[in-house]
Amino acid sequence: MSLRFCQGPECHMHKTKDRIKGTKGSKTYQTRRRSRFYYGNGNFCSTWCQDQWLTKHIEQALDHFGRTTEAKHLTQDNAWSKEYDWDSTYQNRSYMYRNGITNEQRPLTEEQYRDNNYTLNTGE
Ligand SMILES: [Zn+2]
(Lines give C-alpha, C1' and ligand atoms only; values in the text may rest on other atoms or scores of the structure.)
Protein backbone atom coordinates (compact mmCIF):
# COMPACT_ATOMS: atom_id res chain seq x y z
CA MET A 1 0.00 0.00 0.00
CA SER A 2 1.66 3.20 -1.15
CA LEU A 3 1.19 6.50 0.60
CA ARG A 4 0.43 9.68 -1.22
CA PHE A 5 0.71 13.29 -0.23
CA CYS A 6 -2.18 15.70 -0.01
CA GLN A 7 -1.89 18.06 -2.97
CA GLY A 8 -3.04 21.08 -0.98
CA PRO A 9 -0.36 23.75 -1.46
CA GLU A 10 -0.74 24.93 2.14
CA CYS A 11 -1.59 21.63 3.84
CA HIS A 12 1.48 22.00 6.09
CA MET A 13 0.30 25.47 7.19
CA HIS A 14 -2.72 23.96 8.92
CA LYS A 15 -1.47 23.29 12.44
CA THR A 16 -3.03 20.03 13.59
CA LYS A 17 -1.44 17.40 15.83
CA ASP A 18 -1.43 14.72 13.14
CA ARG A 19 0.70 16.96 10.87
CA ILE A 20 3.56 17.17 13.38
CA LYS A 21 6.29 14.79 12.18
CA GLY A 22 10.00 14.30 12.54
CA THR A 23 12.45 13.33 15.21
CA LYS A 24 12.55 14.92 18.63
CA GLY A 25 14.07 18.37 18.46
CA SER A 26 13.32 18.86 14.77
CA LYS A 27 9.60 18.31 14.52
CA THR A 28 7.69 20.29 11.91
CA TYR A 29 4.16 20.56 10.59
CA GLN A 30 4.17 18.54 7.38
CA THR A 31 1.93 17.82 4.41
CA ARG A 32 -0.49 15.02 5.25
CA ARG A 33 0.37 11.60 3.85
CA ARG A 34 -2.17 8.78 3.67
CA SER A 35 -2.99 5.65 1.73
CA ARG A 36 -6.29 7.24 0.82
CA PHE A 37 -7.89 10.68 0.66
CA TYR A 38 -11.57 11.34 0.19
CA TYR A 39 -11.66 14.72 -1.53
CA GLY A 40 -10.90 15.92 -5.05
CA ASN A 41 -10.73 12.48 -6.62
CA GLY A 42 -8.49 11.21 -3.82
CA ASN A 43 -5.93 14.04 -4.02
CA PHE A 44 -6.81 16.16 -0.99
CA CYS A 45 -7.08 15.50 2.74
CA SER A 46 -9.89 18.05 3.15
CA THR A 47 -12.09 20.49 1.27
CA TRP A 48 -9.89 23.24 2.79
CA CYS A 49 -6.83 21.87 0.95
CA GLN A 50 -8.91 21.34 -2.19
CA ASP A 51 -10.09 24.95 -2.04
CA GLN A 52 -6.51 26.18 -1.55
CA TRP A 53 -5.39 24.30 -4.65
CA LEU A 54 -8.36 25.58 -6.65
CA THR A 55 -7.78 29.18 -5.58
CA LYS A 56 -4.11 28.93 -6.59
CA HIS A 57 -4.57 27.14 -9.93
CA ILE A 58 -8.08 27.90 -11.19
CA GLU A 59 -7.07 30.54 -13.76
CA GLN A 60 -4.35 28.32 -15.28
CA ALA A 61 -6.71 25.35 -15.30
CA LEU A 62 -9.46 27.27 -17.09
CA ASP A 63 -6.97 28.67 -19.61
CA HIS A 64 -5.63 25.16 -20.20
CA PHE A 65 -8.91 23.24 -20.51
CA GLY A 66 -10.94 26.01 -22.09
CA ARG A 67 -13.36 28.50 -20.65
CA THR A 68 -17.08 28.65 -21.18
CA THR A 69 -17.48 31.80 -23.27
CA GLU A 70 -21.11 31.50 -24.27
CA ALA A 71 -24.25 30.02 -22.77
CA LYS A 72 -24.78 26.32 -23.25
CA HIS A 73 -28.30 25.18 -24.03
CA LEU A 74 -30.19 22.17 -22.76
CA THR A 75 -32.10 20.77 -25.72
CA GLN A 76 -33.71 17.42 -26.41
CA ASP A 77 -30.49 16.43 -28.20
CA ASN A 78 -28.32 16.63 -25.06
CA ALA A 79 -30.88 16.07 -22.29
CA TRP A 80 -30.48 12.31 -21.88
CA SER A 81 -29.42 11.15 -18.44
CA LYS A 82 -28.97 7.67 -17.02
CA GLU A 83 -31.22 6.55 -14.20
CA TYR A 84 -32.16 3.38 -12.41
CA ASP A 85 -35.19 2.22 -10.54
CA TRP A 86 -35.88 -0.60 -8.10
CA ASP A 87 -38.63 -3.13 -8.57
CA SER A 88 -41.31 -3.44 -5.88
CA THR A 89 -39.23 -5.95 -3.89
CA TYR A 90 -36.02 -3.87 -4.10
CA GLN A 91 -34.25 -6.94 -5.51
CA ASN A 92 -33.69 -5.87 -9.09
CA ARG A 93 -32.77 -2.61 -10.67
CA SER A 94 -33.95 -1.54 -14.07
CA TYR A 95 -31.84 0.91 -16.00
CA MET A 96 -33.03 3.59 -18.37
CA TYR A 97 -32.29 6.78 -20.19
CA ARG A 98 -34.65 9.64 -19.51
CA ASN A 99 -34.78 12.75 -21.63
CA GLY A 100 -34.95 15.83 -19.39
CA ILE A 101 -36.84 17.83 -22.02
CA THR A 102 -39.29 15.37 -23.57
CA ASN A 103 -39.39 12.95 -20.58
CA GLU A 104 -39.06 10.07 -23.05
CA GLN A 105 -37.60 6.88 -21.50
CA ARG A 106 -35.49 4.23 -23.20
CA PRO A 107 -34.34 0.99 -21.53
CA LEU A 108 -30.63 0.42 -20.87
CA THR A 109 -28.65 -2.66 -20.00
CA GLU A 110 -26.63 -2.54 -16.80
CA GLU A 111 -23.48 -2.64 -18.94
CA GLN A 112 -24.59 0.41 -20.94
CA TYR A 113 -25.48 2.18 -17.67
CA ARG A 114 -21.95 1.64 -16.31
CA ASP A 115 -20.19 2.53 -19.59
CA ASN A 116 -19.23 6.20 -19.24
CA ASN A 117 -18.68 6.45 -22.99
CA TYR A 118 -22.15 5.18 -23.84
CA THR A 119 -24.50 8.10 -24.38
CA LEU A 120 -27.52 9.07 -26.44
CA ASN A 121 -26.55 12.73 -26.27
CA THR A 122 -25.66 14.10 -29.68
CA GLY A 123 -25.47 17.83 -29.05
CA GLU A 124 -23.13 18.58 -26.15
ZN1 LIG B 1 -4.14 18.62 2.97
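The values are calculated or read from the model by the stated rules, or taken from the named source; none is laboratory data. Since this is a predicted model, take the numbers as computed values, not measurements. FYI the Cβ positions are ideal-geometry reconstructions off the backbone, even for glycines, and counts take in every protein chain you see. What goes into the accessible areas is simple: the full protein's heavy atoms, side chains included, and nothing from ligands, DNA or RNA. Shrake-Rupley method; radii C 1.70, N 1.55, O 1.52, S 1.80 Å.
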Using each residue's phi in region 66-74, evaluate 6.51 cos²θ - 1.76 cosθ + 1.60 at θ = phi - 60° and report the 3J(HN,Hα) Karplus result to the nearest Hz, with x for Gly and Pro. x, 8, 6, 10, 8, 5, 8, 10, 7
0 to 90° range, to nearest 10: angle between helix 47-65 axis and the chain longest Cα axis: 60 degrees
Residues of type lysines that LYS72 reaches as a straight line, Cα spacing below 25 Å, ignoring anything fewer than 8 places off in the same chain: LYS82
Using only the alpha-carbon atoms, what does the chain span along each of its principal axes? Please give whole angstrom values in decreasing order. 68, 45, 21
Taking the chain and counting helices only, DSSP H stretches of n ≥ 4 at -39,500 (n - 2.57) each over all residues, the nearest-500 ellipticity at 222 nm comes to -6000 deg cm²/dmol
Does a label point 7 Å from the Cα of HIS57, set along Cα-to-beta-carbon, have any residues of region 19-41 with amide nitrogen under 20 Å, and which are they? 30-41
Return the single residue from ARG34, ARG114, ARG19 with maximal mean-square fluctuation; model: Gaussian network over the chain, springs between Cα atoms under 10 Å. ARG114
For the chain, accessible area per residue (1.4 Å probe, heavy atoms of protein chains only), Å²: 81 Å²
